[in-house]
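So the structure is just underneath, and the comments pick up after that.
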Amino acid sequence: MIVENKRLENLCCFYVSEFHLEMILLPYINKSLDENKKIFIVSEIDLEKSLGILMSKINLKENRKNEILNLNWKNNSVKNIENNSVIIIVGKSKFIKNINEQLKIENSVIVDCYNFEEIQDNFTEILKGYEKNLNTMGIQDI
């Protein structure tokens, strides 16, 4: 039986560097953790090193830093992703599309994170597929 994706929300995010991406995601992740949401990271790139550097420089309680660091920032598979969660997908357009096609989830928020340099020629076309954008100011309507 194939389960249709029934998402609560599908957001896009555009970043210019790993640190920029993490600075966009951290407030959103922190808020999601406050709301007791499960968070899954599916990334084409290993973000653990840059995230570790960033976490050493920001003002958060140690237990929250550890929660964020333990999210498996180098996972590149949809295995073990659960319904009713936040799923952050980081990578090139082809990777993001492939992961979204593999996901069979319900009642979840998907955040597709694109490297702006890779998609800049298709930026407008990509935006058409979303109603909201996650950026340094939070979630914004497109």
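Name the residues in the range 126-140 that are out of contact with any Cys (no Cβ under 8 Å at 6 or more places or on another chain) and either at pLDDT 95 or above or closer than 18 Å to residue 20 by Cβ (or both), would you? Once the filter is applied, which keeps residues that are out of contact with any Cys (no Cβ under 8 Å at 6 or more places or on another chain) and either at pLDDT 95 or above or closer than 18 Å to residue 20 by Cβ (or both), the range 126-140 yields 136, 137, 138, 139, 140. In the set (1) within 19 Å of residue 99 (Cβ to Cβ); (2) in contact with a Leu (Cβ under 8 Å, 6 or more places away or on another chain); (3) modelled with pLDDT of 95 or more, residue 43 fails one condition alone, (2). One residue stands out among those in the range 56-79 that are in contact with a strand residue (DSSP E or B) (Cβ under 8 Å, 6 or more places away or on another chain) and not charged (D, E, K, R): the one that is most open to solvent (accessible area, probe 1.4 Å), which is 76. Residues in the range 106-142 that are open to solvent by 40 Å² or more (accessible area, probe 1.4 Å) and in a loop (DSSP other than H, G, I, E, B): 128, 129, 131, 136, 137, 142. Report whether or not residue 101 is closer than 23 Å to residue 36 by Cβ and open to solvent by 30 Å² or more (accessible area, probe 1.4 Å). Spelling it out, it is not the case that residue 101 is closer than 23 Å to residue 36 by Cβ and open to solvent by 30 Å² or more (accessible area, probe 1.4 Å).
The values are calculated or read from the model by the stated rules, or taken from the named source; none is laboratory data. Worth saying up front: this structure is predicted, and the values here are computed from it rather than measured. As a convention, Cβ positions derive from the backbone with ideal geometry for all residues, glycine included, and neighbour counts pool all protein chains shown. Quick note on the areas: whole protein, heavy atoms, side chains included, nothing else; ligands and nucleic acids left out. Shrake-Rupley method; radii C 1.70, N 1.55, O 1.52, S 1.80 Å.
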